[in-house]
Amino acid sequence: MEENSQNTPRAKKKTARLTYVNIDEWIARFRLAFTNGKLPEILSVMQTVGYTEERLDGYLEQTNELETKNQRQKKEYSEQYAETDSFETLRVELSKQFRKHRALVKILFKGDVGATTLLRLNDEPTPLPMPLGYSCLPIFTRKSKTILNCLPKCKR
């Protein structure tokens, strides 16, 4: 005989455990539990299992510290997201400049097969350029016999 697992208390507990509770909700629950634990009618029962008012005050203080750290983390995350947005905006602007200058370099080195190959001017351009300092490529031109650096401040 099979028992319907949806009607058992165990199945209900299992689904309750799978629900997400954010940290703000946990902090509110901790604060409520520790504050209510200090009420006279509850404290007498709590003392029988070893929870003193000082211990509950310590837990409440830790809860306050947790809330402070959580708020600080939220603030830092919001600042980080704002900086990421500004970085993305700047990166898109640089990408436009990069494509413009790439087109000008294509015109400049139109007859120089070596420079065109070395600079990969005939390749499909990348969607966005790599950040400065990530690649450094010496460029030789047959006409001028000089070495140009693709990035002015490369780490060598």
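The values are calculated or read from the model by the stated rules, or taken from the named source; none is laboratory data. Values in this document were obtained by computation on a predicted structure and should not be read as measured data. No Cβ is skipped: glycine too gets one built from the backbone with ideal geometry, and neighbour counts run over all protein chains shown. Accessible surface areas use protein heavy atoms only, side chains included; no ligands, DNA or RNA. Shrake-Rupley method; radii C 1.70, N 1.55, O 1.52, S 1.80 Å.
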Run the 1.4 Å probe and let me know the accessible area of R72, rounded to the nearest 10 Å².
130 Å²
Note, L39: beta-carbon cut-off 14 Å, +1 each Lys/Arg, -1 each Asp/Glu, net -1
Run the 1.4 Å probe and let me know the accessible area of T89, rounded to the nearest 10 Å².
80 Å²
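Can you give me the accessible area per residue for region 29-68, using a 1.4 Å probe, in Å²?
Values: 2810 Å² over 40 residues.
So region 29-68 comes to 70 Å² accessible per residue, rounded to a whole number.
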Using only Cα atoms, what is the ratio of the radius of gyration of region 42-92 to 2.2 N^0.38 Å?
2.11
Cα principal axis extents for region 70-120, largest first, Å:
60, 17, 7
